[in-house]
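Take a look at the structure below.
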Amino acid sequence: MPDIRLTGTLSSPYVNHTYHLYLDLTINSQSIQNNTSNITLRQWAYSSSDTYQAYSSSTTGNSCWIKINGSNVFYDTRSMDFRNQQVVELGTYTADISHNSDGTLVIAVSSGFDINGPSSLYDGAVASYNWSLTTIPRASLITSFPEFTIGSGVTVTAPRYSASFTNTFQINIGGTVIETTGDLAQDSCTFSAAQLDEIYATIPSAVSTTATAYVTTKLNGSQIGSTQSASATANVGSDIIPTLSSVTAAETVASVANLALGSNIFAQTLSRIQFTINGAAGVKSSSVSSYKVVFNSVTYTNTSSVVGTTGAITSTGSFVATATVTDSRGRTSTSKTVTCTLLTYNAPEISAFSAFRSDSGGNASPLGTYGKYTAAATISSLNSKNQITYSIKSKLRSSGTWTTTHISTSLAVGTTSLSVSPVYGTYTATISYDLLLTVSDKFNSVTAGYVLSTGEVAMSWSKTGIGVGKVWEQGALDIGGDAYYKGTILESSFVSGAATLIGRTLSPLVTLSSASAWGDLPNGYCGFVTHTSVGAPPVSNYGYFIKIASRDMAKGWGGIWIDYSGTGNAFFGRTTDGNVAASWTRIYTSDAAVSHAHDNTSISLSDYVSGTTPKVAGIISGTGTPPTASTVPTGTVYLKYV
């Protein structure tokens, strides 16, 4: 029996009773390998009546045909004889027909015939019919290939159409084959993390890529259909990050390193700490691209393991340095830390330096030719690794060279304080001497000076002057000690040639035309002054000036200037050398109502006291508590370094 039998139509007055036309459709076989079907199309007819029996013996006038998709696949001319109810064969077509790539096939079939001659039969036809052939099993289709994390593996699913089929599975990244299986009689394949590990090498600078799965279906080793493919995103797991083993801190200042303060111990302001990240490495084909250390709120970065070196660090205590590395994928490692301890360091400080005339045993003697010294100083301990070195020198006040070194020595390492009371000599009773104490530690030095005056006597005479309370050294009158007087003291001009009244409310204008002219003014001088640009305050050319302090060496001084012009500007000037121009600092007051000409801003006392202790004028030694916002009354003029 055919798979399908189609019935045709004929033109005859008696067709409904006697003549019958058919087209049989038969699938003989199918080739899975070739994706083809072997089919037969047979057209035939007969008469079921003994009365109506058409015939024509012509072999050229009669024709029959079979069509597929509108085109003849069979055509013939032949004699036709419907007598005796015999079956008339009207054409047979057998052939292999290729299916679509998915194994499906639909064809349109039709047929017909013509008979000529004296007959009651003509124009037979089978109308076009769409024949859907049985689908041939084809290549497996990929039904699942999800987004995956490389380190977790992935399953590719491609169900087979026949148990006799096999699937070959492959994972590919940008043309690079990562893993391929053999011919597997299974519908899915799971690729393990180990099998996918090679993917990392294809993306050293990315955290994801596109993976392609390929499935090839075979029968008996021969491929069926085309290879199927599907794409999915392959991700680098969030746990795939670079690593480092440690971070180290090292001293770069040789003089500090030589102290061997201890592991990760450094010195305030002295140390320069270099941070190095050790054992940093990328992972799964990435590389380390940057190194970072955060220390004391400062971030140091570099492209090499030696990350950076600090500047001077003013803080003290323990601080944690936190190190991380970032790889070419932009992933950051877990951190490693190192704790650095910064020991307190201050430059050496001289707390006392003085001397008085004595005998060789150190007993006070007004005309003694020896000096009994008092010297005290401290340094920072630095874990008992610092060391005090000190020296005491002297020279004639008239000399520019320190001619005598009485002592220059170092105390035991770890000693942090100096307190000595030596006796040195000899010092001629009629001459004053400059004394100099120098105290050093491993890093810095400070000095302090003192003047050892001449011997003390009630009066002394020279050819050109008189000494009162001391041996005469200079001038018409050389006084040592306090002087009390009643009446007016007149001093001839030392600068401009005009007379100056000391201690009176009236004084003439004094012109200062050089840096040394300021230094030549006597300590305690107050008056109305004009100046040239040398060593002068930065605003008005006229003002009221008082010299409030003089240094014991080099004519250094400190003083206050108030502008004559009424601008409200006031300055504190100071210099350590009377021959060098002074530097000037503006003075602010605690009166919040005062409007300052320089910026037209009201200044409150607490604004200027907070954060930095105010300084008082003069050269200060010894101990004591500086003034604060609570102890300075409103309206007080004070000085502050900012």
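The values are calculated or read from the model by the stated rules, or taken from the named source; none is laboratory data. From a predicted model like this one, the values you see are computed outputs, not experimental measurements. Note that each Cβ is placed from the backbone with ideal geometry, even for glycine, and that neighbours are counted across all protein chains shown. We work out accessible area using only protein heavy atoms, side chains counted, and drop any ligands, DNA or RNA first. Shrake-Rupley method; radii C 1.70, N 1.55, O 1.52, S 1.80 Å.
Please report the spacing between the Cα centers of segment 418-435 and segment 246-267 in Å, no decimals.
About 42 Å separates the Cα centre of segment 418-435 from the one of segment 246-267.
Which whole-number value in Å² is the accessible area per residue of segment 257-370, probe 1.4 Å?
45 Å²
Once phi is turned into θ = phi - 60°, what whole-Hz ³J(HN,Hα) does the Karplus curve with 6.51, -1.76 and 1.60 give for every residue of segment 69-80, x standing for Gly and Pro?
6, x, 10, 5, 10, 8, 8, 7, 10, 6, 6, 9
Apply the a/c threshold of 1.5 to the C-alpha gyration tensor of segment 1-66 and tell me whether it is rounded, prolate or oblate.
prolate
Residue by residue through segment 294-304, what is 3J(HN,Hα) from phi via Karplus (6.51 cos²θ - 1.76 cosθ + 1.60, θ = phi - 60°)? Round to whole Hz and write x for glycine and proline.
10, 9, 6, 6, 10, 9, 10, 10, 6, 9, 10
For labels at T334 and Y129 in the simple 7 Å Cα→Cβ model, what's the distance in nm?
Placing both labels 7 Å beyond Cα along the Cβ direction yields 7.6 nm.
Given segment 247-290, what whole percent of its Cα pairs are spread farther than 14 Å?
55 percent
Per residue, what accessible area does segment 163-231 have, given a 1.4 Å probe and all protein chains present, in Å²?
With the other protein chains kept in place, segment 163-231 gives 45 Å² per residue.
What does the charge count around N28 come to, taking other residues whose C-beta lies under 13 Å from its C-beta (Lys +1, Arg +1, Asp -1, Glu -1)?
-2
At 1.002 mPa s and 20 °C, plugging the Kirkwood radius over alpha-carbon pairs of segment 129-206 into Stokes-Einstein gives what diffusion coefficient in µm²/s?
148 µm²/s
Would you please calculate the Kirkwood hydrodynamic radius of segment 283-345 over all C-alpha pairs and express it in Å, rounded to one decimal?
12.9 Å
Compute the semi-axes of the equivalent ellipsoid of segment 193-325, taking the square root of 5 times each eigenvalue of the Cα gyration tensor, and list them largest first in whole Å.
For segment 193-325, the semi-axes come out at 53, 12, 10 Å.
For A267, what is the net charge nearby, where nearby means another residue's Cβ is under 13 Å from its Cβ and Lys, Arg count +1, Asp, Glu -1?
Overall, the nearby charge balance is +1.
Would you tally the net charge around L367, using a Cβ to Cβ cut-off of less than 10 Å, leaving L367 out, and scoring K and R as +1, D and E as -1?
Net charge in that neighbourhood comes out at -1.
At 0.36 nm per residue, and after removing the present C-alpha to C-alpha distance, how many nm does the segment from N72 to S304 gain when stretched out fully?
Residue separation times 0.36 nm, minus the Cα-Cα distance, leaves 75.4 nm.
Could you tell me the center-to-center distance, by alpha carbons, between segment 168-206 and segment 439-465 in angstrom?
Result: 92 Å between the Cα centres.
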